[in-house]
Each structure stands twice: as structure tokens, then as C-alpha cells.
1. Out of the strands (runs of 3 or more DSSP E) lying entirely within segment A:546-631, which hold 2 or more residues that are touching a Lys or Arg at 6+ places or on another chain (Cβ under 8 Å) and in contact (Cβ under 8 Å) with a residue 60 or more places away in the chain?
2. If we scan segment A:617-636, do we find a residue that is crowded, with 19+ Cβ neighbours inside 10 Å and either within 12 Å of RNA strand B (Cβ to nearest atom) or aromatic (Phe, Trp, Tyr) (or both)?
3. Of the numbered conditions (1) open to solvent by less than 60 Å² (accessible area, probe 1.4 Å); (2) in contact with a helix residue (DSSP H, G or I) (Cβ under 6 Å, 6 or more places away or on another chain); (3) within 13 Å of RNA strand B (Cβ to nearest atom), A:ILE786 fails exactly one; give the number of that condition.
4. So in segment A:149-166, with the set limited to residues that are within 12 Å of RNA strand B (Cβ to nearest atom) and outside any loop (DSSP other than H, G, I, E, B), which one is modelled with the lowest pLDDT?
5. Can you give me the ranges of the strands (runs of 3 or more DSSP E) entirely in segment A:252-358 with at least 1 residues that are more than 16 Å from RNA strand B (Cβ to nearest atom) and among the aliphatic types (A, V, I, L, M)?
6. Return the residues of segment A:268-320 that are open to solvent by 80 Å² or more (accessible area, probe 1.4 Å) and at positive phi; say none if nothing qualifies.
7. So which residues in segment A:185-232 are of a type outside the set (Val, Ile, Thr), over 15 Å from A:ASP114 (Cα atoms), exposed (fewer than 14 other Cβ atoms within 10 Å of the Cβ) and more than 14 Å from RNA strand B (Cβ to nearest atom), if there are any at all?
Amino acid sequence: LGTVLANDEVVNGVSERGGHPVEKKKMRQWYLRITAYADRLLQGLDTVDFSDAMKEMQKNWIGKSEGCEMQFAVDSGQEAVGNGKLAVGSGQWAVSGSNIVVYTTRPDTIFGVDFLVLAPEHALVANITTEAQKQAVADYLTYVKSRSDRERQAEVKQITGCFTGAYAINPFNGKPIPVWIAEYVLAGYGTGAIMAVPCGDQRDFAFAKHFNIPITNIIGAHYNGEEANPTKDAILENSDFLNGKLMKDAIAIAINKIEELGIGKRKVNYRMRDAGFSRQRYWGEPFPIVWCDGIAVPLSENDLPLELPYAEKYSPGPNGEGPLGNMEQWLQTPEGRRETSTMPGYAGSSWYFLRYMDPNNTETFCDRKASDYWGQVDVYVGGTEHAVGHLLYSRMWTKVLYDLGYIGFEEPFKKLVNQGMIQGSSRFVYLVKYSFNQSRTKIIDTLTEYQVFISNDKYNKLVAEDSFTFTDKDESAKLVKALASLIPEFKEDDFTEDDINNSGYATYRLPVDVQLVDGFELQTEEFKKWKNGAYANAIFIREEDGRFLCDWEVEKMSKSKYNTVNPDELCDKYGADTFRMYEMFLGPVEQSKPWDTKGIEGVHRFLKKLWRLFYSTHTTPGGETKAVWNNEKPTDAQYKILHKTIKKIEQDTANFSYNTAVAAFMISVNELTDAKCHSKEILSQLLILLSPYAPHIAEELWAALGCEGSILDAAYPTLEEKYLVEASKEYPVSINGKMRSSITLATEVTEEDAKQAALSNENITKWLEGKEVKKFIFVKGRMINIVV
RNA sequence: GCCCCGGUGGUGAAAUUGGUAGACACGCAGGACUUAAAAUCCUGUUGGCAGCAAUGUCAGUAACGGUUCAACUCCGUUCCGGGGCACCA
């Protein structure tokens, strides 16, 4: 493809599009130094109204840890080491030639260090590897290069590593410590090197067991030899000057000692890395940078803004550069060559809300007066998927602008509401891919032009039965057999031994456009026309009943998954009010769920029922609908319905609990219908409540009632509690925690009176069976529980 | 693998945040109106058992265990689903 790919564009080590090989390559990039704001981003969380989960995610992402860096001298000579102490520590604190610097949060475990592990990319690896281990290390590095960071961390069960042959010296007791490299240590975090303490860290433990590295126990009985124990509450043993100390306390003692000896220093570390800020793409703000003799020189302010040049085509530039790399005319300036990367999406999304405050200003992005007036965004609605991207970037960006004095607030969003995602229900088809290397027969030649798709149930059945394993060459014969029985085009006899031995198989799970699928059944003819006939020659291995079924998964809607749905059709059929209310009725805003239109009828019926409070369903002989609303004085019971609704809607709206608010509207309309209430006084108030939920119909009916102006300008109804007071309340009564009966009591009943009433009630005493009442629990306004 | 969130009827969900589990809807079943359809209305709808019935009774909020007078709600373990893991934004 000749372009840079994102992690999510790489699947199984090849590009998601086209299945091309992917190569890892070092490239010079622009970065935003978000790490400089790490601490303030952490502290700022206390000043904003975000969910605890959101704050937790950002905290973990920033990943502040306190510990120390310390150095280990390395002896990579072949001669025996470890006799006598090395005079490290006398030297100044500096990273000399082949000292390994590790970062640790647990310096108290220094005497339990049984090996060091370097990231395979660590600069020292080449220097310290011994002659004997050179080949093994080289082989291991080749392996690691083929692995993504994700794979390296995810597949921890598969323990890999390689001994460098070198030994480091424990600065406190002179003990030689073998130095390994392993993929679970990442170059980008800390110093890219760790000290491994198997008795205290499970990953280190597994590594030591796997490679038979002897384990030193420094925590006595806290370590059982079966698994590591990451406690900080053990008393240290085998630990020289730390013996007898509680681990928690020993951390500070160890750091002091390390600093005293000059072999390390206290260090706060952040897991967060600087944010990559350049993209090898066309669509993005171009960097106002010209390279002069290898130095990046910014354009003068007069030359801003630098706009994207017109592009004839968008193909990647040379050497992984973006499309701008092809535009020689634009690139060349008298001073030098322009930067060819563009900025990422978040260059704009981090601060667009400020521009909204002053959109027509030609002098500055937003006048200070405007931002002072509007201030922070009061409520920001966004999903948790932005937790460690956009929502962190814009927080940082705001702090930068604040520091520069351009705005007067440090946090962009006062309150954050995490709406859930309406997910897509994706459909997949299984493509059986096979390749024949040699001696292709005629049939095979033909078949390579086809794509064979296998229906989901059939696929699962064959996999379960182990009829063939697509990735295993030994199973090729079985596959041929299976295919031959399934596809008329295949004839088992046409395959020679040689074909079978030289063929490889795999299945690919391809996302297919949900528009081409009816339920789970693929419309195969439509599918053949999809993507301009890319699958025009597809062969389908169907179910016995002739259907071709798709696999499915609920996931985020995305164009690349072809699982997006278009609401226009529903909007046309039911109108925007129904659509809007249905989305609200679907469930809590913060909850994610797959898009499903099953219940939309209910909301539509509700709006029609609302309409019938105003208009008769019968038309006059002249064809007009007859208004049924009136100017009658409402009854107290009708006022009660209204004010109950006012209370509920007020609460629910404030809590973003839209689904229950819609339910309350339904209850209200049902009750008003039952009460035959068509009073303008009640209905007009109800419409005001409804107007944010179903604005069109509310405005329409408002006008129909003959009310003045727009409903948007109408005063919000005020709650009058007097209509809601109840004289009595039915208390549920449970005996020993089990619901048994109920009793009606006055609202202002005292516990004593309640007890008396309850214990003299026949329905209740029959459950007591004359047993002694041990405890009488009375929760006012709630319930009664009697314990016997 | 790691971090965060979630799991309640056939379905979407509700439960005043520890106090009557299933509000409100969808769907389904039966009925009314209609020549018929649409629309509308009525009744039923967590499961088991008993009963002609009203009803009674036991169980039940992913699974198991714990705390409590009382657990969908709090704690622990496990399983499953979703989001994120640094170039989708």
C-alpha cells in the first residue's frame, strides 16, 4: 500500500485492506508534549464533574507512579564474575557506557532481584550480548520485530525471552544477575529495562519458572513457591540492611540509600507517552514548517494560515510520506522543503468549542471577552471511547491556551455525560481461501478465480466436528474432501497428492454490508453486485435449506464494518418527534445497545393518543377534525395528574433520565385519557413539559389551543405540592424479610402507632403464629419489617 | 493480557440508590368495533406447583458464596457481553 497504517488497520499482521504485508519502520514524527501536563491533567480531574469511571480511566492512562531509577553495572566478559564487590556507587550519577538503568516502584525488593530484563529494542542489547549468545539474540530480535505491541502484552501466557550472556552486578551485594531480553518489557515505558523479582511479581515469576532461573525468597512465609506475592506488608528477609523492615517502610529507606550511593535517584514516572501529532495523510492541517538543512523552521505569521494545496490524486508519497510528498511544486520554497505530514483530527477537535463562541472573528480564534463570557462548556455529551483520546487532548489544549493567557479557564468541560453508543449489529461471511503452489490442475486454476463462501452454521459445524482445520496443512486432504462434497465444482479425484501437499488454506471473516443481509440471511445475488462486483464469481456453500447465513457481532458502528444504518427512512415514516422520543425511550443515555426499531410503534402510538386529547378521531361531514379540548376548570384529580408529571419530568430531565421521563409522559396521557380530561389549562402546561421531548407536535398543538407566541418562550410550569399530598399510604409489611401483607396507615403516622396497628392486624398476626416479636423495623414512608 | 462499564420476563427496560422486583413500552394470545382491512379499545402475559375460580404458595435479577431485620442494589470469586489500549475519531 505504501502508506502508514494505524494499529486497527492491521489484522493478523497484514493490512486489513488487501491483506498486504506490514513492515515496522522508524519514522521521524511530530509530538505534543502532553507528558509535561501529566500532573495537571491528573489534578484537574478533581475540579470537573465527570463520572468516576471516566476519571479512573484517565488516571490509569496517565499512570503516575513513584519509584526510583537505579543503575546496574554490567560485566559482559566471559570470565567469572561476582567475586568481591564492584566499586560502583563511588561514581557520579550518570549513564556510563554499559550501565543498565532500570526504573522500579519497588526498590525495597532489591535483594530479591534474580535477573534483569531489557526491552529487545534497548540500545545496550548489542553492546552487552556475548559472542556465544549473538545468534540466539539475533533470532529473537527477528521474532520480536514481527510482533505488535499489543500482541507483546496480550499473549502473556506465551513466555518468550532470550539470555544475552551478560551479567549485571547487584550494587548492594555484588551478586551477578543474568541479563535477559524479553518482549514483555516495552522500550517506551520507564527506561526500557526492569529488575525482575520473581517472588513478588507474577510475570517475573512465570518467566523465572519458564527459563529455570533460581528464585530468591525475601518475604519468608508470604511466598509459597507456587506463585508470586506482590504484597507490601511482608517483613523482609535475605535483604542485608533491609532485613526485618516492613516492605512499605523499606521503599523509602532503599531509595535514600540508592541516592546516597549515587547509583540512582527518586523518580516520578508516567505511563502516558507524548502524543503523536503528525499523520501521513492528505486531509489535515499542514504543518507551517519548512525544513532548512535539517532544521524545522516555522513560517512567519504573515504566511499563515498555510492551506492544503489542491490535489489531483491522493496516493501516498515516497518513503511512507503522505500525499503532500508528491506535490513537488508546493513543497519547494526558496528556504527549503515543506513538511509533508499533516496534523491529526484532534488538532481541531481539541478546541473547536472555543471557536463556536466567536465564529466570525477574523483576528483571533476567539476573543478573550467572548470566552470569558461563555466560559466552560456546561455539559459535554460524549462517549467513553474518547476517554483517553479526545477528552484528554482537549483538556491539555485548554491548559496550554490558559497558560498563554488566551482563555480564562483551565478545564474545557464542566460536566461530562457519557452517552452510550448505539451499536451496529455487524454481519460477517466466511471466505475460504486456499492457494496452490505447484502443479495446478485445470480445475484448481478455475477455482482460484472464485471465492468460496461458507454459510455460518455449516462453518461452525465443520469446525466443531473438526472436519477440516483451515489453517493446518495436514488437514488439506480433509478439506478437499469436505469441499468436494459441498461444491459441485470440486471433484475429489481431480486433486492429486501433490496438490494436497502443496496447498494451504485459511478462512477469512469478512464484514459484509448489513443492507445486503435480511436478518442473518445473506442476499447472495445482491452480494455479488456489491463493491462493483468484487464478489461476482462467489460460490456459496449453503445450509441444507438453501439459505446462506452470516455470522454476527454487536460492535461499534463504523463505515469499515459496513454496519451503519440510516435513520432517514424511519424519520419519513414516523416523523422526527417519534424518532427523537424513541431514541430517548430506548434506555438510559449512558448505556450502549444495538440499534433496534422494534419498539418505535409504542412511542408513535403515544403521540397519536396525545393528539386525541385535543382532537376527535371522527371527522366532520366537511372533512375537518373536530377539536375536543375545552376551557373547563380542571378537577383536583386532574391537577394531581399534571403536577405529578411536572415533578417527575423535572427530576428526570435534570438527571438525564430521558427514558423514564418518556414513560412518565405516557402515564400522564393514559391517565388524562381515562379521566376524560380535555382542559386547556392542563393540556397547555403538559405541552410545555413535552416541548423539549417532542418539539414539533408540542408547538403545533400549542398553536391549536390558541396560545400566544411560540411554546419555546412559554414559562415553565411550576410545581404545586398541594395537589400531591396524600392522606394515607399503603405500607408493605414483611415478616422475617419476606413480603406477607400490607397495611394502610396515615402519612404522618408515628412508629408506635404503626407498630400497634400492624400487630393488631389479623392478616399480619396470622403470620406471627404467636411468636415473640424480636424486632420491629419501621421505615417511614417505605415499609415495615417484623422479625420474630 | 491490562484498564473501564454492563448482565433483571420472549424483547427494550423500571425499581425514589439497601426497603412491595418487572413501572412504561414492544411482542404474543384472546376479545370488541368493521363486509373486510387499517386505526382504536378491552383482557391476559416471570416461572413452577395447587385450584373451576378469586386466589394461595414456592422459586426467581448471569453463577456461586458472604454481610444485613431486609440485597437487582454492598463485599468476594467465577463466567459472559461491550468500550479503550496511543494513526478510526
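The values are calculated or read from the model by the stated rules, or taken from the named source; none is laboratory data. For clarity, every value in this text was computed on a predicted model and none was experimentally measured. No Cβ is skipped: glycine too gets one built from the backbone with ideal geometry, and neighbour counts run over all protein chains shown. All accessible areas refer to the heavy atoms of the entire protein, side chains included, with ligands and DNA or RNA removed. Shrake-Rupley method; radii C 1.70, N 1.55, O 1.52, S 1.80 Å.
1. A:551-555
2. yes
3. Answer for A:ILE786: the failing condition is (2).
4. Filtering first and then ranking leaves A:ALA154.
5. Answer list for segment A:252-358: A:289-292, A:295-298.
6. A:ASP293, A:ASN319
7. A:GLY220, A:ALA221, A:ASN224, A:GLU226
Each row is one residue, and each column tells you yes or no for (1) modelled with pLDDT of 95 or more; (2) near RNA strand B (Cβ under 8 Å from one of its atoms); (3) under 30 Å from A:GLU131 (Cα atoms); (4) of a type outside the set (S, T, N, Q).
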| site | (1), (2), (3), (4) |
| --- | --- |
| A:LEU1 | no, no, no, yes |
| A:GLU16 | no, no, no, yes |
| A:GLN29 | no, yes, no, no |
| A:THR35 | no, no, no, no |
| A:ASP46 | no, no, no, yes |
| A:PHE50 | no, no, no, yes |
| A:GLU56 | no, yes, no, yes |
| A:GLN71 | no, no, yes, no |
| A:VAL74 | no, no, yes, yes |
